[in-house]
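What follows is a short report on a single structure.
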């Protein structure tokens, strides 16, 4: 066999290497053990808030969420270059750190104070302003860091972003900063150290709403039908070096992505392969096993970053809780679900927040199918693909012609909460499902107080240790936020 090719045995070894490392981490003790709340104690009830809600009178906001929904924990979007998370208009928005960067923690990155600091509210430190207001009301504060879906309009950020297999620097979702880029790791670890040392926070939540190049080329995510199949990442110098160190042939991987791009473009042009879409897709994988190896490389690199964040924070303040917001795509894509192994994550997770946004889930599921029906599921009708998804993911929801406006039910929230609860059983990791309230998404039906109530009830009936009201307080109608409070009252928790 030519030396430039990976043999089957070596491919399996490379693909398993990351998982084995995580297994060793789990055996070494993993997340610190913490006692579960005593019987009768109120659960964690969190809410996500943008900078706009905190800039003027945070006390008024905190009184409102406490009264309506029994909120006792705050998750401010404290670092973001996305206007949606900040709750501000997109025009002229830049964003960044709505706290104050302390430069002694950022020696391993190329970013400057001006690169990181959000200019929208002058010199105001919104995190420093929020914490005392929260403590006065018996509320906890978690720093909430969600990776941006669009590259910030700051020159120094460009060098941190991924490179696709054509050699182009990327600038927007589904790509993002490269996990193997030392400048990005330096920034991220500096950021969490800054928050842990400089502020009296109670914990930290981080998120990456992304996946690897193989699934991105397929557009295998909600709203992925318009994605460029040539924007598969990452092929920067650091990823190539890491791949070679693991025995992965970079040029064979590039050839595989070239074949995959042609397959996806042909499907979008409605040119059906002679043997059908599913067979053609598997033939590409057989001819180019490096595609799976490259996907595995990306997934394991993200896990390395999560583990590094966890240990960095714990080395500073062991009592701070560290956990993860888990992208909603895990509810639609069996491929992405396979990449999010909740049981393995307990080794470096104090809590998991699976995104269980029921109201917009129906349309998002449709979008996932609309994209993959042009390639890997192209042999099925829309309804057949939806039925397949329901069977594989264990749902019982509305048919194709009604699912967008109906959304998913409280039973979906219950099932997914229970699945997460089962995965973390026997560990100290707690489960805080994300509940959507007025998430803005084209084509969905109206959010209602009763719908919110049923989602919250579903979460607790599924064994949740708490709930996190999402996506952003500034989007929520007061009556729908009160729907969460109605569920808590019915359960005797408020």
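Given axes a ≥ b ≥ c from the Cα gyration tensor, I'd like to know whether the range 244-390 is rounded (a/c under 1.5), prolate (a/b larger than b/c) or oblate.
Working: a/c = 3.38, a/b = 1.45, b/c = 2.34.
Cα axes put the range 244-390 in the oblate bin.
Quick check on the range 403-463: take the gyration tensor over C-alpha atoms, sort the square-rooted eigenvalues as a ≥ b ≥ c, and tell me if it's rounded (a/c under 1.5), prolate or oblate. Let's see the in-between values first.
Details: a/c = 2.51, a/b = 2.39, b/c = 1.05.
Prolate.
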Worksheet entry | Distance from the range 85-160 to the range 469-494 (C-alpha centre basis), Å | 27
Item to complete: Please give, to one decimal in nm, the separation of the simple spin-label points placed at residue 250 and residue 110, each 7 Å out from Cα toward the Cβ.
Response: 1.8
Item to complete: With both partners inside the chain, how many of the DSSP beta bridges are antiparallel, as a percent to the nearest 5?
Response: 15
Worksheet item: Could you state the number of Å between the C-alpha centres of the range 167-191 and the range 394-454?
Response: 31
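Whole number please: convex hull volume per residue, Cα atoms of the chain, in Å³. It would help to have the intermediate numbers written out before the result.
Values: hull volume 69.7 nm³, N = 494.
Cα-based convex hull of the chain, divided per residue, equals 141 Å³.
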Discussion item. Can you compute the helix-only [θ] at 222 nm over the chain? Use -39500 (n - 2.57) per DSSP H run of at least 4 residues, normalise by all residues, nearest 500 deg cm²/dmol.
Written reply: -14000 deg cm²/dmol
Worksheet item: For the peptides 166-175, 362-371, what is the packing order when you average, over each peptide's residues, the other Cβ atoms within 10 Å and list the highest mean first?
Response: 362-371, 166-175
Discussion item. Which three extents, in angstrom, do the Cα atoms of the range 383-494 have along their principal axes, listed largest first?
Written reply: 41, 38, 22
Fill in: In range of the label at residue 159: residues from the range 270-300 whose backbone nitrogen is under 15 Å from the point 7 Å along Cα→Cβ
none
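Work out how much length residue 103 to residue 279 would gain on full extension: take 0.36 nm times their residue separation and subtract the Cα-Cα distance, in nm to one decimal.
Working: separation 176, 0.36 × 176 = 63.36 nm, distance 5.34 nm.
Residue separation times 0.36 nm, minus the Cα-Cα distance, leaves 58.0 nm.
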Worksheet entry | Descending principal axes extents, the range 330-390, alpha-carbon based, whole Å | 41, 25, 16
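Sorting check: for 151-161, 349-359, which peptide has the highest mean count of neighbouring beta carbons within 10 Å, and how do the rest follow?
Ranking, from highest mean packing down: 349-359, 151-161.
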Worksheet item: Plugging the Kirkwood radius over Cα pairs into Stokes-Einstein for the range 429-475, at a temperature of 10 °C and a viscosity of 1.306 mPa s, what D comes out in µm²/s?
Response: 139
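Treat the count of other C-beta atoms within 10 Å as a stand-in for reagent exposure and order 430, 392 from fewest to most.
Numbers: 430 22, 392 10.
Placing the least packed residue first, the sequence is 392, 430.
Taking the mean number of other Cβ atoms within 10 Å as a proxy for protection, how do you rank 398-408, 67-77 from highest to lowest? Display every interim value, and only then the final one.
Values: 398-408: 18.1, 67-77: 23.5.
Packing proxy ranking, top to bottom: 67-77, 398-408.
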Discussion item. Please compute the Kirkwood hydrodynamic radius of the range 90-194 from all pairs of different C-alpha atoms, in Å with one decimal.
Written reply: 15.2
Worksheet item: Do you know the relative contact order of the range 42-489, to the nearest whole percent, from alpha carbon pairs under 8 angstrom that are 6+ apart?
Response: 17
Fill in: Average projection area in nm² (convex hull over Cα atoms of the range 200-307, one quarter of hull surface)
8.8
Item to complete: Give the angle, between 0 and 90 degrees and rounded to the nearest 10, that separates the Cα long axis of helix 410-423 from the longest principal axis of the Cα atoms of the chain.
Response: 80
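Quick note: the coordinates plus some simple rules give every number you see, no bench work behind them. These figures come from a predicted structure and were not determined experimentally. Methodologically, a virtual Cβ is constructed for each residue, glycine included, from the backbone with ideal geometry; neighbour enumeration extends over all protein chains shown.
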